Amino acid sequence: MTKGYWVSVYPANSAPERLTAYDKLAGPAVQAGGGRVLSLLPSRGGRVVAYEAGITQRVVLIEFDSFEKAVAAYESEAYQKALAAFPDGVERDFRIIEGID
């Protein structure tokens, strides 16, 4: 079974502190769905180098045991509550992708 990944980049986020309510709900929802945060840059002190059209804003990578679990976690009631707290004015590019092996 191939793993599933949530990949999020935030091209525009003029007020990172406005994500606090979302983060407080999203973290437990992701964990309940079996997700493991692999990267939360640069807010957790990690390093990022952007090339080509890349950005150095917030980048989040979360791993799930399967693509199906990744989709189910997104569609869960707990994560939908987190999305309701996602602030206006924060732009996010969010994808769920299937791993190769």
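Scan the range 66-81 and report the pairs whose first residue is modelled with pLDDT of 95 or more and surrounded by fewer than 17 Cβ atoms within 10 Å (Cβ to Cβ) and whose second residue is part of a helix (DSSP H, G or I) and of a type in the set (Phe, Trp, Tyr), with Cβ atoms within less than 9 Å and a gap of 6+ or a chain change. Final answer for the pair search is Gln80/Tyr74. Of all residues in the range 71-93, those satisfying the criterion of being aromatic (Phe, Trp, Tyr) and under 18 Å from Gly34 (Cβ atoms) are Tyr74, Tyr79. So which residues in the range 24-41 are closer than 20 Å to Val90 by Cα and open to solvent by 60 Å² or more (accessible area, probe 1.4 Å)? Within the range 24-41, Lys24, Leu25 meet the criteria. Among the listed residues Arg47, Arg58, identify the single one that is under 24 Å from Glu98 (Cβ atoms) and not hydrophobic (A, V, I, L, M, F, W, C). From the options Arg47, Arg58, the qualifying one is Arg58. Only one entry of Ala29, Ala84, Ala50 meets the criterion of being touching a Ser or Thr at 6+ places or on another chain (Cβ under 9 Å) and free of Cβ contacts under 8 Å to residues at least 24 places away in the same chain, and that entry is Ala50.
Only a single item in (1) within 21 Å of Ile96 (Cβ to Cβ); (2) in contact (Cβ under 8 Å) with a residue 40 or more places away in the chain is not met by Ala15, and it is number (1). For the range 85-101, the set of residues classified as modelled with pLDDT under 95, loosely packed, with under 13 Cβ neighbours inside 10 Å and either farther than 21 Å from Gln57 by Cβ or not acidic (Asp, Glu) (or both) consists of Gly89, Ile100, Asp101, listed by residue number.
The values are calculated or read from the model by the stated rules, or taken from the named source; none is laboratory data. The model shown is predicted, which means the values in this text are computed figures rather than measured ones. Using ideal geometry, Cβ is built from the backbone for each residue, glycine included, and neighbour counts are taken over all protein chains shown. What goes into the accessible areas is simple: the full protein's heavy atoms, side chains included, and nothing from ligands, DNA or RNA. Shrake-Rupley method; radii C 1.70, N 1.55, O 1.52, S 1.80 Å.
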